[in-house]
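Have a look at the structure below, then the notes.
Please treat every number below as a calculation from the coordinates, not as lab data. Computed from a predicted structure; not experimentally measured. Here the Cβ is made from the backbone with ideal geometry for all residues, glycine too, and neighbour counts use every protein chain on show.
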């Protein structure tokens, strides 16, 4: 079994508890209190039990604390996944989306994500799922919009006939407010 990693000694357990009181991050508070317990002379097992984690996680917390102090125990954002398309490919995709499809060349009258994914495969030999492509387009500032469907036999003159008229303005009822019944 490997030897336990020593905790840096420039902070006392009281300092860590003070940092925990000021912190608004609940996970950082839990980590700080576990390290403070170790500085008080408690075992790593006790710290893991109090924090509700395994010994390996407590060891990772000690390493993060040793490297960056109390700020190293703050909750960090996970790194984002790298984009499949590079800047040049993204620019060409934006140009194609802005220009719209050519029905004779592309075989579609409007772009769908599946059609754009096929275009990306044809142009760049990159396989992109519709979900990923939708996320890419959203990051580029595009939103999914589609026109309201219209029946092919719809006549503009008939729209006026079937439109619902607004109800008449409210009128007072004939009787008084407190009319007695007889």
Practice prompt. Give the order of 61, 119, 170, 111 when sorted by the count of other beta carbons within 10 angstrom, beginning with the fewest.
Written response: 170, 111, 119, 61
Worksheet item: Sorting 159, 38 on the 10 Å Cβ count, fewest up front, what's the list?
Response: 159, 38
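Grab the beta carbon distance between residue 157 and residue 129, set R0 = 35 Å, and tell me the FRET efficiency rounded to 0.05.
Computed FRET efficiency for residue 157 and residue 129 comes out at 0.15.
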Worksheet item: Mind checking which of 151, 106, 131 has the largest fluctuation in a GNM of the chain, springs on alpha carbons under 10 Å?
Response: 151
Worksheet item: Can you give the angle from 0 to 90° between the axis of helix 13-22 and the longest principal axis of the chain, with both taken from C-alpha atoms, to the nearest 10?
Response: 20
Discussion item. Which one, 45, 153, 72, has the greatest fluctuation when you compute a Gaussian network model over the chain with C-alpha springs under 10 angstrom?
Written reply: 153
Worksheet entry | Structure-based [θ]222 nm, the chain - -39500 (n - 2.57) summed over DSSP H runs of at least 4, per residue, nearest 500 | -15000 deg cm²/dmol
Worksheet entry | Separation of the residue 14 and residue 166 label points, Cα + 7 Å toward Cβ, nm | 7.3
Worksheet, complete the sentence: The residues 63, 32, sorted from fewest to most surrounding Cβ atoms within 10 Å, come out as 63, 32
Discussion item. Can you give me the distance in nm between label points at residue 27 and residue 43, each placed 7 Å from the Cα along the Cα-to-Cβ direction?
Written reply: 2.8
Worksheet item: For region 105-149 and region 11-68, what is the separation of their C-alpha centers, rounded to whole Å?
Response: 48
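Between residue 53 and residue 82, what is the FRET efficiency for a Förster distance of 30 Å, r being their Cβ-Cβ separation, to the nearest 0.05?
0.50
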Practice prompt. Report, in degrees rounded to the nearest 10, the 0 to 90 angle that the Cα long axis of helix 55-68 makes with the longest principal axis of the chain.
Written response: 90
Fill in: Degrees separating the helix 130-139 axis from the principal Cα axis of the chain, which is the longest one
90
